[in-house]
Amino acid sequence: MQINRLARAVFAATVCASAVAAQNAPPAQNAAVNLQTNLPYGAPSAAPVSKWTPPASAGRQLTLNDLLTWKNLGAAQLSNDGKWFAYVIAPSEGNAEVVVRGTAAGASELRFPVGDASGGGGGGRGGAGGGAVQISGNNRWVAFNVYAPTPAAGGGRGGRGGRAGGAGAASGAAANASPKLAVIDLTNGTRREFESVRAFRFAGDKSNWLAIQHATPGAAPAAAIAGGGRGGAPAGGGGPASVLELVDLTGGTPIPIANVSEFAFNDAGTWIAYAVSATDLVGNSIQLRELSTGVNRPLDFQKATYRRLIWGDSSSALAAFRVVNDTAGGDEQATVVAWSNAIAPNATAIEISAKSTGVAGGLVVSTDRALQWGDGQKTLYFGLREPQPPRDPNAGTFTAPNPGGSAPGAGSTGQIAAAPQTGAEVPSLILWHWKDARPQAAQQVQEATDKAFNYLSVYTLSTQKVTKLTDDKVRDVSVGPKDSWGIGNDGTEYEREAGIRGFDFRDIYAVNIGTGERKLIQKKVPGGGGGGGGRGGFGASSFSPDNGQYAYYDSGDWKVYNFNAGATKTITTGVPAKFWNTEDDHNQVKPAIGGAFIGWTNDGNNVIIRDNWDVWRLPVSGTGAVNITGNGLKDQIKYQARLLSDPRDRGGIDLSKPLYFQTYGEWTKKEGLSKVDPMKGGATQITWEDAKVSYRKARDGDTWVVQRQSVVKFPDFYAADDGIKNERRLTDANPQQKDVAWTPGARLIDYSCDNGLGKRQGVLFLPAGYEKGKKYPMLTYIYEKLSQGTHVYSAPNATRYANPAVFTSRGYAFFQPDIAYKVNDPGRSAVWCVLPAVKAVIATGMIDEARVGLQGHSWGGYQSAFIATQTKMFKTAVSGAPLTDMTSMFGSVYWNSGNTDASIFISGQGRFTGGPNDIPEVYARNSPQTYAQNLSMPYMILHNDRDGAVDFNQGITYYNHLRQMNKDVILLEYVGENHGLSRPANQMDYALRMTEWFDTFLRDQPAPEWLTEGIPRLKMEEHLKARRVMVDPKATVPTPRITP
């Protein structure tokens, strides 16, 4: 490479200087000081490295310490009455805090150190960890997990809120311990703590009771379960039995109960049911306890295990599985045990088993499907399955010898495994057959789901009869809200073709829930249409509130099926709007608009539907449609998600009450909130601002919480009164940003794509310290449509590559253009849009046209690879996981899902109308490989050997072709990584190398040796260790090797 040869000397000087500083550190320090931590990220010193380094007046450049300690907010909770707000604030690495404060003006704030959740079962790197936070339904208590603190760098001081220093704030044993639980009384701020907690749950909306399931001694810590639903354990069981502690938070002695595996409060919070699970099965039972009296009684007790406790909605109905396991390897025997009124004295149990009336064909009860009570607890839904043959005690114990021939970096080869082998005489065969409905790879990925498949069935309490609702063709049924009708889907006829071409269809049936009888509604309906599924949940259901009708989408129109009449009516005929996604340029016919279905009106006479801009009230009669927003298309404003404040809202829409919608300006990028009259029509704009905003309203009060962000402002939270008035700030996560060189803002760039692809926009983030009249280097990041991120804040961190905050802090402009596509020309379409976009930015006079870089990953990696062969506009490019030869890629497997890439190429991102045998010239003209000889810029590829999305062969073959032609190319391969990088060490390494790459070519910064010369394998370990000081504040400076 034609790079300044001072690189090695500069890097060596950096290491030596750091080593000298370490040697001269004060004696009290236990380890060498890593001076790199507080230097500009990736720089050898604090001195400006190029003329584009922002001036001191713009603030200091981001440092490694900034990237690792920048705060994020998460787990935000608003109390039901709107008077309290709680959240977790945590750095990318290190200890978090839980903050609780009132939402009134001038309210006080409580802060609690909660340690580092990334080491104890929650949170994680780069996010606001710290564990779950929950405010009680009665608004009096807040509870959260507390983890061991992160050890301080090099020891010597305690972690924030942790123990004293010495060897560090927490030992390895403490870091792996189960979290504590802290409970705060919001009336006086007092705090209680409970040790070693696995799960916790408040009892109902009005109760002061708390249930705490403690961790099993010696077991690995698990993430706490802090809210949602009525069950005390996740679906599938609550793990090993342990002590359940019941606590009346207003006083009294906590009540410990041994050997509890699951627990569940009823909705009222007056009763708790729990499963006792002893190792020897003695005493196993379902127990019921009334919280106010302490009266405890068994509901069922046998030598069995009990799973998946579930109460009926707002009722005293209770159900669970009772399971008897065969210790000799036979099939488990499961029975559903249920009580229509579990709290009644002498409550009578209902038992549903393989012997129940209506169960035929030798089917048995499945525990893989969660139980669910129907409307009014008159029905109970569960699963039936085929019995399983006895398990071979030797199954899976034989490991076939390695046949050889596999080398490191062999890519995705062998990602599909043979069936379990029981001996050397069993071949390790995988048989791929052209008639397979799903490829063998997909069958492996979905193997657990296939094994757990069961037939949805319903038990009717009045008839004491089981009705099977699904079979091997109609494999799923959504049930309506009154348990009278459901919708069945049969995609078997189209499954094989969907796996090849990607077009998903289904035949839909009306299913009588009482009898199981079916009637065909329509064949070959495009998949993905319709609204929500069946019963309940937070959001809309496609069924009318009385369960008499069903709404679904079909190729540009919305239709309503009337169950009683057995007739379908198209309700969008003649409506002056387009109800398909007109912006979707994939190879599909009138694709559905995501989230278009808003819901039914209470009376079942209307459906509320979004088009691309506005919201419509569509009468089921097919006449009299009303555009209830009115101005969307006219003003180019998109009415998007409807806001719901009550998760219990499961019914229809009340036309006498306003609807609230978030709004988005297609060309202005403004966002806001509007109130809409669903009956008369008409939208009232409540807010409309140059920011990205989201809203939530208290369930039982008029307090709103707004989260607002821009490229300049962190997404902090604000409280407001009804109408979003009298705002007051709730959070200030990163006040240190004022001292940092930060982008002064974003500008929208208008341009027109070539070849008739129309008007588009891109967003340009200005460099820190921007001065009018000065020209700056620019990094162009591409994918598909990105201008909607105009107001998205980029939090600095050390793990995200191509981070706008990092690059603008270094004096770059950062550009994200939109790309539109023509069918059969994905690569050329990128050229037709990206080049005019970059020219439009250069025309503003802000950009040095000789210093423009290009970067993209996955589909963006493909486009950047292709563009790099078509132009000399860019000085350099970096492509992550690029598709490079479209013909060979078409026949590859998307290993992460097991499906073929062909389906993605035809109906998905590829936008091809056929395969390479149908249109060979189209595949050739859109492949970077076809034009590899034209590459004239330094070029870097990231491609990992275990990439399950874009086969590693795409990257390594392209690298080899380019290398054979003496092109200036580098390939980075992180061994064992998939499509993206998951190991923090690899993430930080790649982000730094990308920064160094662009600094070298766009800012004239001296190049590191790895970039100019490469690193021999035998020196790679030494190279990687020497670079640790640039990404790890705890790393000690390596001692320079002295050669005599």
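Derivation of every value follows stated rules applied to the coordinates shown; laboratory data play no part. All values reported here derive from a predicted model rather than from experimental measurement. With ideal geometry, Cβ positions are generated from the backbone for all residues, glycine too; neighbour counts draw on all protein chains shown.
Data overview
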quantity	calculated
Rounded FRET efficiency, nearest 0.05, which uses the C-beta distance separating Asp546 from Leu520 and R0 of 22 Å	0.45
Cα-based helix-to-principal-axis angle, 984-1002 vs the chain, degrees rounded to 10	40 degrees
The chain: relative contact order as a whole-number percent, Cα under 8 Å and 6+ apart	9 percent
Eligible aspartates and glutamates near Lys465 by straight Cα distance, threshold 14 Å, same-chain separation 8 or greater	Glu351
Among 264-273, 705-714, the order from most to least packed when residues are scored by Cβ within 10 Å on average	264-273, 705-714
Kirkwood Rh in Å, taken over the stretch 800-858 so that all alpha-carbon pairs contribute	13.0 Å
By average C-beta atoms within 10 angstrom, highest first, the peptides 493-503, 613-623	613-623, 493-503
Cut-off 18 Å, label 7 Å out along Cα→Cβ of Ala985, residues of the stretch 799-818 by amide N	799-800
Selection from Phe543, Pro678, Ala437 lying farthest towards where the dipole of the chain points positive, charges on Cβ	Pro678
Cα gyration tensor category, rounded, prolate or oblate, for the stretch 447-588 with a/c compared to 1.5	oblate
Mean shadow area of the stretch 739-897, taken as a quarter of the surface of its Cα convex hull (nm²)	10.2 nm²
Equivalent ellipsoid dimensions for the stretch 469-690 as semi-axes, Å, which come from the Cα gyration tensor, largest first	30, 21, 15
Label-point gap, in nm, between Ile500 and Lys1025 - each point 7 angstrom along Cα→Cβ	5.6 nm
The stretch 46-98: C-alpha gyration tensor shape, a/c 1.5 cut-off, then a/b vs b/c	prolate
Cα shape, the stretch 861-1018, gyration tensor, a/c 1.5 rule	oblate
Reach of Lys1025 by Cα under 16 Å, taken over lysines that are not fewer than 8 positions away in the same chain	Lys1034
Two-site label geometry, Asp848 and Ala567: point separation in nm, points 7 Å out along Cα→Cβ	7.3 nm
Orientation-averaged projected area, Cα convex hull of the stretch 745-1005 (nm²)	13.2 nm²
Count, lysine Cα pairs under 22 Å in the stretch 745-1005, 8 or more residues apart or across chains	16
Mean-position separation - Cα centroids, the stretch 480-514 and the stretch 942-994, in angstrom	41 Å
Given (i) 41.4; (ii) 33.2; (iii) 32.2, the label whose value is Kirkwood radius over Cα pairs in Å derived from this model	(iii)
The stretch 313-382: radius of gyration over Cα atoms, expressed as a fraction of 2.2 N^0.38 Å	1.21
Cβ-Cβ FRET estimate between Thr871 and Asp968, R0 fixed at 22 Å, reported to 0.05	0.85
FRET efficiency, Ile430 to Lys578 (Cβ-Cβ, R0 41 Å, nearest 0.05)	0.35
Most to least packed among 636-646, 541-551, 472-482, 803-813 [average Cβ atoms within 10 Å]	803-813, 541-551, 472-482, 636-646
Evaluated over the stretch 570-625, the Cα radius of gyration and Dmax, each in Å	11.9, 39
Inverse of mean 1/r across different Cα pairs in the stretch 236-351, Kirkwood, Å	14.7 Å
Partners for Lys713 among lysines (Cα-Cα distance below 19 Å; same-chain residues under 8 apart left out)	Lys71, Lys669, Lys670, Lys692, Lys738
Gyration tensor (Cα) of the stretch 745-813, equivalent ellipsoid semi-axes in angstrom	23, 16, 10
